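S.K.: Just dropping this structure here.
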Amino acid sequence: MQSNPPSRSTMPAFMDAWLARWPERQILIWSALTIGLGFLMVIGSGYADGHPPDARALLPLGVYVLSLTVMHLTLVLARFQGDQILVGTLAFLAGFGLLAQYRMGGIRFDDLARPDLYLLPGGILLMLTLCLALMRGRYERLADWMWIWAGVSLALVAVLLVFGHRYRGAVYGAGLITPTELLKVTVVLFLAAFIERHGKRLGNWGQTAIPRPPLRALLPLALFWILLTGLLLLQRDLGLFVVLSMTLMLMLFVGTGRAGYLILGALLASAAGYLVLEVFSHGQRRVAAWLSPFEDPTGNSWQILQGLSGMYSGGLWGEGFGEGHPEYTPIAQSDFIYAVIGEELGFVGCALLVVFFLIFFSRTLGVADQTRSGFGRLICVGLTSVLAIQSFLNLGGVTKFIPLTGITLPFISHGGSSLITGFISLGLILAISEGSPTRRRHTQSTPKTNRRSSQRTSNNPKGKPSKKSTKKGSGANSSAIVAPAKGCGKKKTTRPG
Amino acid sequence: MTPPLDPALWPSLRLALHIFFFMAVFFLLKQLFELRDQAQLRHLAKPKGAFRVPMLILTLLFGGLLIYQASWQLTGMLRPQFIAFMQLHDRREFNPAHWIQRGRILDRNGEVLAYSEEIQGKVYRLYPDGPVFSPVVGYSQPRFGATGMEAVATVHLNGGAPADLSGWGELGRQIVGGVQRPRGQDLRLTLDAELQRMAVARIGQRRGAVVLMNPNNGDILVLASVPSYDPNRISSELFLNPDPSAPLLNRATQGLYPPGSTFKIAVAAMALERGFNDTIDCPADGYTTSSRYPKIRDHEYYNAKKRGSIWRGHGRIDMTHALARSSNVFFAKLGVLEGHQAFRNFGKRTLMDRQITLHQTPYGSYRMRTGQMPRLSPKDRYGLAQLAIGQGALLVTPAYMALLTAAVADQGVAARPRLIDKDPPQALARFMSKDTADRLAVMMRTVVTEGTARGIDDPNLSIAGKTGTAQNPQGDSHSWFVGFAPTQRPTLAIAVLVEGAGYGSAVAAPIAHDLLLAARAKQGFH
């Protein structure tokens, strides 16, 4: 492997960036190898079952490796400094998802016109574009479009409600696309902007003995939320509603530091949960299937019990990719993909996948932790919340830990909209992890920026020699280091916050 | 790309790929861990560690989820309903649930009563003795579920809930090794297969039940109910078409019968407890509480009438004599003398109107009913007289009569009946005082030496007992015998019921005699 980056100075900027991103390269190469082994397993089992070998069977793997290469090179060329572990983990998860979909027959190499093959490269391209477009603090500009995000969110649901068609109890757009998946990004953007702008007022719960939430400040948010909830419930998209509501709660808490929002949220959630169970029959059915699965094993709980049967068959190590019979579990490729992994890779495979998700979340939360921009931090927290809640609801539902909500597993489940949304989310987080050299709006954050720049410059002589300072000096480049104080001042004059 | 490969090689190649895949993922994890320092975001502000708490919460949530998942995926054999679901509805051939070598069910000497065998790629549950043991063993069948011990001990039989450390070790080896044919654990019963077969054979084509137990520790040696069903051939026919012979009914533990004269030992015990030590005049003409009701008479009266001769009656007799002769008049009078409250109290003390649990797990329990004592109105003296001779509305199960007899044999204490060898012996309740039990035992011995059960008196074994001929509103009288042996330090207590077979002394008593003799001979060897 390309280890031990040699000393610097004479190297061109590209080489510096190339060396700076060697951990990412290392991880990407191993991801590709691992996923490649997985592909061999699937293809081999198909061959053993009597399918003639076909070189085109390796096409998805080629697409995957090519995507990783392009991604890595782009990041190097752009002298991108963002989180390498995050990129690596994402690459593995996305590859794992591709593998799982390929195994389920969701990706066909014999018909190049099908969109499934292009989802992963498309998503990665979209992620890169977003990341490059928004990095170096440009994402802060998204906060200006606060009401646009709100409008887009509502419009997406409304349009879908009018033009979509019903399928399996939910509403889909054309070709079973679920545009409402995008809400997971737009709503988070709106919330981040809103909370960042009104943070102070939202955090003011009064000086009285009994603290009460600032209703006036919450009013616009509450109106938006009521509208959104109404539209979502009309669509019967319970899962999305749950994800977004919990995200709202967490973002308000992080943005204001008021634990009261969590308590308030818990109260509202119990009330909403009760109402939903009263009104929606399919909610009741799912709770019944969760509490007493053997009451109606061939009806309500058929899917979940089939999933669990598959997992039991898999045992600790699994049957091997391509060896199981996931087709016995209804809709295995989307909501129940985790059961397939349990069946074919066993409990160990499941645990490994969960570990990768946890690493992923720890990195996105780490970015939030290290980001000084309040807006950026809120975006990170919001998107992490969405993804984590989504994963937990999916895995919990499949394993019967909690009632089934019919939510997809990010990056793994079948579903273009979900996958694309995941990549968009990650593009944003990566852009934020690149750091924001400039501060545009918030005057109060200027000292912070100054402190950071001083911290940064003082970092160099602080003993850690060569390698790290090299990376910093060359990678972040002059603008990153020199700009902060200057940039802040300049922006302030042109655009008063 | 794929080289031409012999599909026969695939299994080993697959295994290698499988292992390599996991190794690669583990290596990737290791790399992520090692590279995390070098990939720190040093251009950003220093981490404040604010993400530690949410990360901890996330880890706990997902960790809990994985643990819960393991309770299905790895130790699913602890969930019998789940196993049953998979055996019935899962089409994956490699699902271990289809291949569980369910533990065998053995009798006390290790004879196999039920076992699993793979026949042409499917695992079947087989019962070598057919219907003989089904009242205890029950059946286990994917479509119709399980009953009896097969249901109650299903987790144990499926290999779950190991009893000791080595059992857990075995379970762990099965999980880690991905064993496709997991082995369950054997279950040893207290039954004696030979004796049970003998009991069933002796009842033959008739209907009846036999319960033979050890009064000292509660071991049930025989629990037979005839006719029964063949657990090898369970079909919907069995459940849909009600067979008048009721093969699904466990006559021994659930069948309710009028006890007839065998109940006189209970009435005798009750009276002795209350200090009765008197004689009662028993005229040949019989006894009734009111001229509106037919007279209760002794069987000698009817015999004489049949022969055309005249019987002079017992005259004034004591309890020993009355029990030996099975005098209805004596006990009817005695019952009325004792009164309602005495019966109620004694019924409560001897666990009448109860279900006794023989073995219990979260997945079911094996129980026996005791009986049904009618709630008589305080003015109903005739009802009391009928109750005292084991007729009228009083109903008991054969298992209860065995338990009552065992209590007499064991100095008044009823041991909890045991079917599972590993269950510890336990006292259930004290039915009567030691003194009462001793006196009653002597009286019951007299029944065999000079009373109604003279026919089974045997120089080789000192049997004590009581016959019963219970009038049955639906047809012929039921033939009963309850007893224990040897009279000194009893080790066996028995209740035999043959439906509609007439005199207890003629049918039930010989069966009991033969079983007691055989059982005693086997005990001698141990």
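The values are calculated or read from the model by the stated rules, or taken from the named source; none is laboratory data. Given the structure is predicted, the values throughout are model-derived calculations rather than measurements. Here the Cβ is made from the backbone with ideal geometry for all residues, glycine too, and neighbour counts use every protein chain on show. Heads up: the accessible areas ignore ligands, DNA and RNA and are worked out on the full protein's heavy atoms, side chains in. Shrake-Rupley method; radii C 1.70, N 1.55, O 1.52, S 1.80 Å.
S.K.: Being in contact (Cβ under 8 Å) with a residue 12 or more places away in the chain and under 30 Å from B:ASP423 (Cα atoms) is the requirement here; does B:PRO227 meet it?
M.R.: In short, yes.
S.K.: What number of residues within the range A:287-318 satisfy the criterion of being open to solvent by 40 Å² or more (accessible area, probe 1.4 Å), within 10 Å of chain B (Cβ to nearest Cβ) and in a helix (DSSP H, G or I)?
M.R.: Result for the range A:287-318: 1.
S.K.: Which of the following residues is closer than 13 Å to B:ALA266 by Cα and among the small types (Gly, Ala, Ser): B:ALA385, B:ALA402, B:ALA393, B:ALA415?
M.R.: One residue alone meets the criteria, B:ALA402.
S.K.: Something else now. Mind listing whichever residues of the range B:241-299 are part of a loop (DSSP other than H, G, I, E, B) and buried (at least 20 other Cβ atoms within 10 Å of the Cβ)?
M.R.: B:ASN250, B:ARG251, B:ALA252, B:THR253, B:GLY255, B:PRO258, B:PRO259, B:ARG297, B:ASP298
S.K.: If a residue has to be touching a His at 6+ places or on another chain (Cβ under 9 Å) and assigned to a loop (DSSP other than H, G, I, E, B) to count, how many in the range B:143-158 make the cut?
M.R.: Adding up the residues that qualify gives 1.
S.K.: Does A:GLY257 satisfy the criteria of being surrounded by 14 or more Cβ atoms within 10 Å (Cβ to Cβ) and not charged (D, E, K, R)?
M.R.: No, not satisfied.
S.K.: Right, next: Tell me, which strands (runs of 3 or more DSSP E) lie completely within the range B:319-429 with 2 or more residues that are hydrophobic (A, V, I, L, M, F, W, C), crowded, with 22+ Cβ neighbours inside 10 Å and at pLDDT 90 or above? Give the derivation first.
M.R.: On the way: elements: B:355-361, B:364-369, B:413-415.
By residue number, B:413-415.
S.K.: Could you check, for the range B:130-142, whether at least one of its residues is within 14 Å of another protein chain (Cβ to nearest Cβ) and open to solvent by 50 Å² or more (accessible area, probe 1.4 Å)?
M.R.: Yes; the residues of the range B:130-142 include at least one that is within 14 Å of another protein chain (Cβ to nearest Cβ) and open to solvent by 50 Å² or more (accessible area, probe 1.4 Å).
S.K.: Okay, moving on. For the range B:22-43, which residues satisfy the criterion of being modelled with pLDDT of 90 or more and at the interface with chain A (Cβ under 7 Å from one of its Cβ atoms)?
M.R.: Result: B:PHE22, B:ALA24, B:VAL25, B:PHE27, B:LEU28, B:LEU29.
S.K.: Output the qualifying pairs, or none if there are none: Cβ atoms under 6 angstrom, residues six or more apart or on different chains, first residue in the range A:26-46 and more than 9 Å from chain B (Cβ to nearest Cβ), second residue hydrophobic (A, V, I, L, M, F, W, C) and not in a helix (DSSP H, G or I).
M.R.: From residues that are more than 9 Å from chain B (Cβ to nearest Cβ), the pairs are A:VAL42/A:PHE321.
S.K.: For the range B:459-511, how many residues are among the basic types (Lys, Arg) and open to solvent by 10 Å² or more (accessible area, probe 1.4 Å)?
M.R.: The number of residues fulfilling the criteria is 1.
S.K.: Can you tell me which of (1) touching a Leu at 6+ places or on another chain (Cβ under 7 Å); (2) surrounded by fewer than 19 Cβ atoms within 10 Å (Cβ to Cβ); (3) in the same structural domain as B:GLY160 (by TED's automatic domain parsing) is the one B:TYR124 doesn't meet?
M.R.: B:TYR124 satisfies every listed condition except (1).
S.K.: Restrict the check to the range B:57-80 and report whether at least one residue is charged (D, E, K, R) and facing chain A (nearest Cβ under 7 Å).
M.R.: no
Per-residue answers, yes or no, for (1) in the same structural domain as B:ARG173 (by TED's automatic domain parsing); (2) over 27 Å from the mean Cα position of the chain (by Cα); (3) within 30 Å of B:ARG233 (Cα to Cα); (4) buried (at least 20 other Cβ atoms within 10 Å of the Cβ):
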| site | (1), (2), (3), (4) |
| --- | --- |
| B:ALA70 | no, yes, no, no |
| B:PRO80 | yes, no, yes, yes |
| B:ASP90 | no, yes, yes, yes |
| B:GLU111 | yes, no, yes, no |
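S.K.: Given the options A:PHE280, A:PHE321, name the one that is within 14 Å of chain B (Cβ to nearest Cβ) and among the aromatic types (Phe, Trp, Tyr). Walk me through how you get there before you give the answer.
M.R.: Working: A:PHE280 fails: within 14 Å of chain B (Cβ to nearest Cβ).
Going through A:PHE280, A:PHE321 in turn, the sole match is A:PHE321.
S.K.: Separate question: Is it the case that the range A:43-55 has a residue that's of a type in the set (Val, Ile, Thr), part of a helix (DSSP H, G or I) and either surrounded by fewer than 17 Cβ atoms within 10 Å (Cβ to Cβ) or touching a Phe, Trp or Tyr at 6+ places or on another chain (Cβ under 8 Å) (or both)?
M.R.: No - not one qualifying residue is present in the range A:43-55.
S.K.: Related question: Against the conditions (1) among the small types (Gly, Ala, Ser); (2) open to solvent by 40 Å² or more (accessible area, probe 1.4 Å); (3) assigned to a helix (DSSP H, G or I), where does B:ALA50 fall short? Just the number, please.
M.R.: The one condition B:ALA50 does not meet is (3).
S.K.: If you scan the range A:380-416, which residues turn out to be of a type in the set (Ser, Thr, Tyr) and within 11 Å of chain B (Cβ to nearest Cβ)?
M.R.: Correct list: A:THR384, A:SER385, A:SER391, A:THR399.
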